[in-house]
Amino acid sequence: MKKVVKFGGSSLASAEQFQKVGKIILSDDSRRYVVPSAPGKRFSGDTKVTDMLYQCYYAAANGEDFSGILKQIKARYNEIIGGLNLKLCLDKEFELIAKNFEEKAGSDYAASRGEYLNGLVMAAYLDFPFVDAAEVIRFDQDGNFDADLTDKILSKTLSEYTKAVIPGFYGAYEDGRVKTFSRGGSDVTGSIVARAIGADLYENWTDVSGFLVTDPRLIENPEVIDIITYRELRELSYMGASVLHEDAIFPVRKAGIPINIRNTNRPEDKGTMIVASTCQKPPFTITGIAGKKGFVAVNIEKDMMNSEIGFGRKVLYEFEKQGISFEHMPSGIDTMSIIVHQDEFEEHEQKVLAGIQRTVNPDYLEVEGDLALVAVVGRAMRANRGTAARIFAALSHAHINIKMIDQGSSEWNIIIGVRNEDFEKAIKTIYDIFITTQL
Ligand code: ASP
């Protein structure tokens, strides 16, 4: 059994957190490859080391004095090293970082030092070998992650180690220049490492006990999802639910490796398993609810629209020309609506409308803004009759006007459009009928 374990910034923010992490890793011999983030916030209002590094580099790049902030960053590491009683000195590392900052090595290099240094601390603490991500994770000339090359280099390198620490968040171009993933990218590194070593499981340790049915800012203490499929997760993440970096799914999904989201502060909790597919019956008809505000519906009506070949294509082309991607497109016999992001659409609104008017000459063309979309996702919906009816009845009881409905043909998600001001109430209502009343 081989596991890759990734720890987020809050799991590694202090010596005390490091000790919890150490216990977790050493309690299971199959936890062999460790991917750390940079130290995160120790308390609310604290600053993440990654943000301090960006700030520090910004000062350096502007020719300002950056020694003060670099000292503060060093103090964060020394606090951890001291608290763990390690005989590790990062003086030489910090001298090199200062020199490279002066020489303007770039903000990616700067940000990556958070994970790099934390990797050194972690390797010293666990007495595991350290493998620099810059040596094994590759980006191509255009700055895109090179999955195949990385997989080759990484699996070869790691085959030489039974255990290792590989810092998250960055890799390098062929010439050795450091490049980072987008923020939160250590999740991606963990996934890449899991694929490269053919792991049985990718454990992603954070500060929540798994993926929640809905946003805890809207529902107090929502239920934790025990098991979720990649497809369900992708749908919920796309609609705003966040625990895991979006790009972290692809490498493991390809290799059929499950992800287990776990809580460093409550290791006894089982967390959420993310899997390709499962026959396990979920406890509720729906797996999760997520949503976002800020959409616009462009509503078009024209008699006999359905028999006019190319109508839809012509309409969509007007959006394409302005570089606007559409989110949904519910349609009727003589009507269609195109749902787009309001902030993307506003700037090009008149051009798109004029284009539609000119090319398809509709009987009626109207724009409705300030809409929110709510995604109700669940693999069990397919086997349960009446899910949509229950949603609509509940929303109607709550006096929420449904502006749009879109159900994917695979029948495991229903998207509902409501007014922005009804958004929170809609989520609460749906949570209540499918979860609270079933507990
Ligand atoms: N430290 C990086 C960030 O704050 C990457 C990560 O934590 O995954 O975004």
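Report the residue, chosen from Asp269, Asp200, Asp343, that carries the largest GNM mean-square fluctuation when the chain is represented by alpha-carbon nodes joined by springs under 10 Å.
Sorting by GNM fluctuation, first place goes to Asp343.
Counting other Cβ atoms within 10 Å of each Cβ, which trypsin sites (Lys or Arg not before Pro) in the range 77-184 have at most 13 and sit in a DSSP loop?
Lys87, Lys104, Arg177, Arg183
If I model a spin label as a point 7 Å beyond the Cα along the Cα-Cβ vector, how far apart are those points for Lys71 and Asp363 in nm?
Each label point is offset 7 Å from its Cα along the Cβ direction, giving 7.6 nm.
If the only charges are +1 at each Lys and Arg Cβ and -1 at each Asp and Glu Cβ, what is the size of the charge dipole of the chain around the Cα centre, to the nearest 20 debye?
1380 debye
Please arrange Glu174, Glu232, Glu327 by counting, for each residue, the other beta carbons lying within 10 Å of its beta carbon, fewest first.
Listed from fewest to most nearby Cβ atoms, that is Glu174, Glu327, Glu232.
Of all the Cα-Cα pairs you can form in the chain, what percent are over 30 Å apart?
Percentage above 30 Å: 53.
Quick one: angle between helix 186-197 and the longest Cα principal axis of the chain, in degrees between 0 and 90, rounded to 10, please.
It works out to around 80 degrees.
Please order Tyr317, Tyr116 by the number of other Cβ within 10 Å, starting at the fewest.
Ranked by crowding around the Cβ, least crowded first: Tyr317, Tyr116.
Modelled label-to-label distance, Glu102 and Ser159, 7 Å Cα→beta-carbon offset: nm?
Output for this residue pair reads 4.4 nm.
What nm distance separates the two modelled labels at Arg217 and Thr437, each placed 7 Å from Cα along Cα→Cβ?
Between Arg217 and Thr437, the label points sit 2.8 nm apart.
If you take every DSSP beta bridge fully contained in the chain, what fraction is antiparallel? Give it as a percent rounded to 5.
Counting DSSP beta bridges with both partners in the chain, the antiparallel share is about 65 percent.
Per the Kirkwood formula on distinct C-alpha pairs, the Rh of the range 172-278 is how many angstrom?
It works out to 14.5 Å.
Given axes a ≥ b ≥ c from the Cα gyration tensor, I'd like to know whether the range 396-439 is rounded (a/c under 1.5), prolate (a/b larger than b/c) or oblate.
Here the range 396-439 falls in the oblate category.
Under the Karplus relation 6.51 cos²θ - 1.76 cosθ + 1.60, θ = phi - 60°, what is the ordered set of whole-Hz ³J(HN,Hα) values for the range 289-306, x standing for Gly and Pro?
10, 9, x, 8, 9, x, 10, 10, 10, 9, 9, 10, 10, 7, 4, 6, 3, 5
What order, most packed first, do the peptides 52-65, 349-362 have when packing is the mean number of other Cβ atoms within 10 Å of each residue?
Answer by packing, highest mean first, reads 52-65, 349-362.
Note the angle between two axes, namely the Cα long axis of helix 91-102 and the longest principal axis of the Cα atoms of the chain, as a number of degrees from 0 to 90, rounded to the nearest 10.
50 degrees
Rounded if a/c is under 1.5, else prolate if a/b beats b/c, else oblate: with a ≥ b ≥ c from the C-alpha gyration tensor eigenvalues square-rooted, which is the range 80-222?
Because its axes are fairly even, with a/c under 1.5, the range 80-222 counts as rounded.
Arranged by the count of other C-beta atoms within 10 angstrom, fewest first, what order do His245, His397 take?
By the 10 Å Cβ count, ascending, the order reads His397, His245.
Karplus couplings for the range 160-173 from phi (6.51 cos²θ - 1.76 cosθ + 1.60, θ = phi - 60°), rounded to Hz, Gly and Pro as x?
7, 10, 7, 9, 6, 10, 10, x, x, 6, 9, x, 8, 6
Reachable lysines from Lys71, Cα under 21 Å, same-chain residues fewer than 8 places away excluded?
Cross-link targets: Lys41, Lys48, Lys87, Lys92, Lys99, Lys104.
I want to check a number: in the range 229-377, how many lysine pairs have alpha carbons closer than 27 Å, given a sequence separation of 8 or more or different chains?
So the count of such lysine pairs works out to 12.
³J(HN,Hα) across the range 64-69 via Karplus (A = 6.51, B = -1.76, C = 1.60, θ = phi - 60°), whole Hz, x for Gly/Pro?
Going residue by residue, I get 8, 6, 10, 5, x, 6 Hz, with x marking Gly and Pro.
Checking the a/c ratio against 1.5 first, then a/b against b/c, what shape does the Cα gyration tensor give for the range 267-411?
prolate
Here, each number is a calculation from the coordinates, and none is a lab measurement. Please read these numbers as outputs of a predicted model, since none were measured by experiment. Quick reminder, even Gly has a Cβ in these numbers, built from the backbone with ideal geometry, and neighbours come from all protein chains shown.
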